[in-house]
Structures are given as structure tokens and as C-alpha cells.
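Asks: Could you have a look at this structure, given as C-alpha cells, before my questions?
Just so it is clear, none of the values below were taken in a lab; they were calculated from the coordinates. Quantities reported herein were computed from a predicted structural model and do not represent experimental measurements.
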Amino acid sequence: MLGALIYAFLTVTLKANQNVTGLTLTIFGTGLASLIGENLLSGGKTTVAFSEPLKAAFARIRIPGLADIPYVGRLLFDNNIFVIIGIAAAVLMGLYLNHTRRGLNLRAIGENPAAADAAGINVTLYKYVHILLGGGICGLGGGYVCFVTCKGLWVQNCVGGLGWIAVALVIFASWSPYRAMFGSLVFGALSVLQFYKPAFLRGVSAPIFTMLPFLVTAAVLVITSVRMSKERVQPKGCGVNYDREER
């Protein structure tokens, strides 16, 4: 969430360009992580790993009985804690945005921050709080990569561009948490397809399957931009800095 706080300060308080700031922090974060990881590997160490008790705290959780429910049992009740929290966060976020006053205020800020400000909504506070919440949710994804994908070991560039798929997923879902859940299942299935490929695809090179999620991401962005309806366009205030003095 520290990165989210820096981003909020630069874009909300200092009115820096949001796209440039996001790219800059992404590049900076990648370099900083590499620097820290390489320093931890110094002194003859071959691997760096989290402690066993810490890895055990984020191990797979199985709820007897519920885990045996067809189709959804293994997904919801026999999975890693990061997955369970992620699904719960998406559901709660959908309810929050569509059925609470604060959620509707947030949507109003996204569409027209000047009008929301005139209505008495604290635009700056809302932006800070929700940018921090968004950063925390991003941290869940990073935690999953660290503890599940990489088994608690330090791996150079372990995220491998998955964050950009998350950005495309938001556009694909038209800013709907519920559609994002469906889209994440699709992208997730593409990511692991190489491990479950049918017999007639076994001759296909593994790098093709590695590229598949990113190829589909590019295709989704193109198709979505062409077929975007008025109801599903991004909020008008998205990516635009709000200056109260210019209202």
C-alpha cells in the first residue's frame, strides 16, 4: 500500500499525470524488487525463501463438506487464502459500488468530480482512501504470486507482466467487479491451459501457451474498444486530474 500512497500523493495532491506516474512506479518497483532480491542472494546464498511458519500461514485451506460441493466446492472452499479473499473482495466491491451511498459517491466522482464536489463530497479523501484500497487488493495478487506461484521463494521478475493482464481485465469487465470475476476465470484458464491441453494440442510448443493470455489480452482490448457501448465506457473522470480551483 506504500506504492499506492505514493501514487495518490503524486496524482491527487500534486496533480501529476496518472498514466505516466503509474508507469514510472511500475518500472521503479520492478527495479527496486530486483535490487533487494539480488542483495539478499549475496554472500553465497543460492535461494531466499520465507520462513516455513509464514508459508504455512498462507497454505491451502480446505473446509470439509463444503469443499465437496460440485463445481464450486474446490474453487471456494478448497483453495489458497488469497483466492478466497480475492473472490470475497470482488463480491463485496460489487455490492459496495452499486448498493451503498459511499459507493455511489465514488462512482459520481469517477463520472464528474466537479459535480460531486459541488454536492458536498470530499473528492480528495475519497480518492486517497480508494487508491489505498486498490493498492491493498493489488498486494493480494502479489502475495499469491510470492506464496503460491513461487512457493515462497525469491524469483527474479516473478510477476512477469501479469499486472498488465489485470489492467486489460478491468477494461474487459467494463469496470464491473462481477464481470471481472468471470474474466479472471477465463484468463486464469488460459494461463494453465498448457498443463491440461488435450491430446491434439500436445505437439504445440509450451511458449505458445505462455503467450496465449497476452495475445488474448491484446485481442480483448481491440474488440472492446471497437464494440464499447455507451453504458460500458470508462468513467469520464478516469485518468483526468481534478483541480478544485478550475471548477
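Asks: Quick one: Karplus J couplings for segment 102-117, per residue in order, coefficients 6.51, -1.76, 1.60, θ = phi - 60°, nearest Hz, x for Gly and Pro?
Replies: These are the phi-based 3J(HN,Hα) values: 5, x, 5, 4, 4, 5, 5, 5, x, 7, 8, x, 5, 5, 5, 5 Hz.
Asks: Follow-up question, since we're still on this one. Quick check: the distance between the Cα centres of segment 16-66 and segment 153-205, to the nearest angstrom?
Replies: When both Cα centres are located, 19 Å separates them.
Asks: Moving to a separate point now. How many lysine pairs are close in the chain, with Cα atoms under 19 Å apart and the two 8 or more places apart or on different chains? Can you show the working numbers first?
Replies: Numbers: Lys15/Lys127; Lys15/Lys236; Lys45/Lys151; Lys55/Lys151; Lys127/Lys236.
For the chain, qualifying lysine pairs total 5.
Asks: How big is D for segment 161-237, in µm² s⁻¹ as a whole number, if Stokes-Einstein is applied with the Kirkwood radius of its Cα pairs at 20 °C and 1.002 mPa s?
Replies: On the way: Rh = 13.6 Å.
So the translational diffusion coefficient is about 158 µm²/s.
Asks: Semi-axes of the equivalent ellipsoid for the chain, please: Cα gyration tensor eigenvalues, times 5, square-rooted, ordered largest first, whole Å.
Replies: 33, 24, 20
Asks: Return the sequence-ordered ³J(HN,Hα) values of segment 148-157 in whole Hz as given by the Karplus equation 6.51 cos²θ - 1.76 cosθ + 1.60 applied to θ = phi - 60°, using x for Gly and Pro.
Replies: Computed from phi, the couplings for segment 148-157 are 9, 4, 9, 6, x, 9, 6, 10, 4, 6 Hz.
Asks: Could you go through segment 182-196 in sequence order and give the Karplus-derived ³J(HN,Hα) for each residue, using 6.51 cos²θ - 1.76 cosθ + 1.60 with θ = phi - 60°, rounded to whole Hz, and x for Gly and Pro?
Replies: Per-residue couplings from phi come out as 5, x, 5, 5, 5, 5, x, 5, 5, 5, 9, 4, 5, 8, 10 Hz.
Asks: Would you pull out the residues with amide H under 5 Å of Asn80's amide H, same chain only if 5 or more places away, H placed 1.01 Å from N?
Replies: Ile61
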